[in-house]
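Written below as structure tokens is the structure these notes are about.
The values are calculated or read from the model by the stated rules, or taken from the named source; none is laboratory data. Everything numeric here is computed off the predicted structure, so don't read it as measured data. Cβ: placed from backbone, ideal geometry, glycine included. Neighbour counts: every protein chain shown.
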Amino acid sequence: MLSIDTILIPLLGGFLFVKYSYLTRFRSIRDNGYVILFKSAVVGLFFYGVSLVLWRVAILDENANPAIPEWIHFLHDFLVYPELLPAIFSLILIGFATAAINYALDKDEMKKRVIRQDDDAFEVTILDAYLQEKYVLITLDNGKVYAGKITDTYFRVNDEIRSILLAPFFSGYRNPEDLTLNLTTFYGHIYKQIIQSPEQFDVKISDFSVAIRYDHIISVSPFDPKTYAKFRDLGDH
């Protein structure tokens with residue numbers, strides 16, 4: 001019969017795997033506690049089963065491993081619950097598995113996978129704009145508007161503070177009465193001058209970047225400056 005310690009050790013190992021392995025870490029951040037507990041139990045029992053088989057077949061079987069160290073025999077005979085040894089061994093296996101998976105997988109790619117799986121329009125729009133280096137139009141909760149390219153994004157795939165870094169090409173505001181878009185500042189002219197005569201400026205183009213928190217964004221959409229100019233011309237007629 002398995003002791004409570006024998007059950008808890010693999011469960012702890014499963015929890016550590018779910019929380020720290022890139023394979024499951026970012027999904028677990030969005031999972032509720034019951035799902036995390038279930039996944040921890042499945043992973044823990046799987047590795048315990050593997051370690052139990054290895055322990056009995058590859059280690060304790062003297063025919064398969066005649067050079068087995070005497071101290072393993074001693075520990076196995078000394079412990080009140082010999083099942084603790086394969087349980088501890090499963091914890092070690094989980095540690096090696098976590099390290100190997102984290103070495104093989106790209107953290108950012110696993111984050112992107114979770115975002116695409118959840119298929120939230122807001123997150124997917126920002127992610128695609130970032131990856132494809134496209135213009136986006138961002139409206140903030142104070143009516144401020146920025147149009148530009150996302151140069152960096154900090155996808156934490158959870159409910160903590162999240163932000164994006166935007167290189168603005170236009171900025172302005174929305175009319176509070178009818179939400180008409182008014183772009184009032186054009187950064188392209190300054191950027192061009194900085195590129196042509198950097199010695200005349202004490203700032204770099206990257207210094208114009210704006211960090212925007214997710215929770216202050218009202219809407220985000222793809223933006224094309226040429227199309228906007230045509231719509232503006234139509235509105236003037």
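For the range 10-25, a residue qualifies if it is crowded, with 22+ Cβ neighbours inside 10 Å and among the hydrophobic types (A, V, I, L, M, F, W, C), and the qualifying residues are F17, V18. Could you please find all residues in the range 116-146 being part of a strand (DSSP E or B) and either under 27 Å from F26 (Cα atoms) or not hydroxyl-bearing (S, T, Y) (or both)? If the condition is that a residue be part of a strand (DSSP E or B) and either under 27 Å from F26 (Cα atoms) or not hydroxyl-bearing (S, T, Y) (or both), then V136, L137, I138, L140, K144, V145 are the ones that fit.
Assess whether Y154 counts as being surrounded by 18 or more Cβ atoms within 10 Å (Cβ to Cβ) and either closer than 27 Å to P225 by Cα or modelled with pLDDT under 85 (or both). Taking the combined requirement at face value, the residue does not satisfy it. Residues in the range 86-138 that are under 14 Å from V220 (Cβ atoms) and in the same structural domain as V43 (by TED's automatic domain parsing): there are none.
Can I190 be described as at pLDDT 85 or above, over 23 Å from K230 (Cα atoms), of a type in the set (A, V, I, L, M) and not assigned by TED's automatic domain parsing to the domain that holds R30? Answer is yes for this residue. The residues in the range 26-44 that are closer than 26 Å to P86 by Cβ and of a type in the set (D, E, K, R) can be counted, and the count is 1.
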